[in-house]
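The values are calculated or read from the model by the stated rules, or taken from the named source; none is laboratory data. Since the model is a prediction, treat every value here as computed from it, not as a measurement. Neighbour counts run over all protein chains shown; Cβ positions are idealised from the backbone, glycine included.
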Amino acid sequence: MNRQLCTFNVGDHQFGVDVLSVQEILGEQQMTPVPRAPEVVRGLINLRGQILTALDLRRRLSLPPAPATISPMNIIVELPDGSVSLLVDQVGDVLDVRDELFETAPATLDASVQEVISGVCKLPDRLLLILNIEAATEVSHRTPPPSERN
């Protein structure tokens, strides 16, 4: 059996999510900052009257900010409680992948990556990390003190 995955890049990592979880993909959007929100919450976007939280996957993965030459893309994903925007560096292709290519994540992956993936898919030319949307969108309610914020 095959699964279709929408692929995207965050830093040097390539991820995939089930295409059925993706509502839509948008370019850079105007964002309203949320005071005292956890650092992973970049802000709120208005999607045709629907207010969505935009989560920065670079921050979630403890990666440095994107270079100024990269405009973040918004992948709108559906969760049981509503939709959320995942900010990524670049959106790739939709891949049709056979189930037998999926494996558990290797222990050598960075801990911040391991906690947001459900496994990996071995492709001929690369390793595709399968994003666990629920884990990736789990937001700590700890507000960092001003000295820890960017």
Find the strands (runs of 3 or more DSSP E) located wholly in region 1-67 whose residues include 1 or more that are under 14 Å from the mean Cα position of the chain (by Cα), among the hydroxyl-bearing types (Ser, Thr, Tyr) and surrounded by 14 or more Cβ atoms within 10 Å (Cβ to Cβ), and list them. 2-10, 50-56
Subset of region 93-108 (residues that are hydrophobic (A, V, I, L, M, F, W, C) and not in a strand (DSSP E or B)): Leu101, Ala105, Ala107
For region 124-143, check the following and say yes or no: at least one residue is aliphatic (A, V, I, L, M), at pLDDT 90 or above and more than 20 Å from Val19 (Cα to Cα). no
Condition test on Ser71, is it within 13 Å of the chain's Cα centre (by Cα) and either hydroxyl-bearing (Ser, Thr, Tyr) or exposed (fewer than 10 other Cβ atoms within 10 Å of the Cβ) (or both)? no
Give me the pairs, please: first residue somewhere in region 80-97 and surrounded by 17 or more Cβ atoms within 10 Å (Cβ to Cβ) and modelled with pLDDT of 95 or more, second residue anywhere and in a strand (DSSP E or B) and basic (Lys, Arg), beta-carbon distance under 8 Å, and either six or more positions apart or on two chains. Leu87/Arg42
Identify all residues within region 1-36 that are among the polar types (S, T, N, Q) and free of Cβ contacts under 8 Å to residues at least 40 places away in the same chain; write none if there are none. Gln30, Thr32
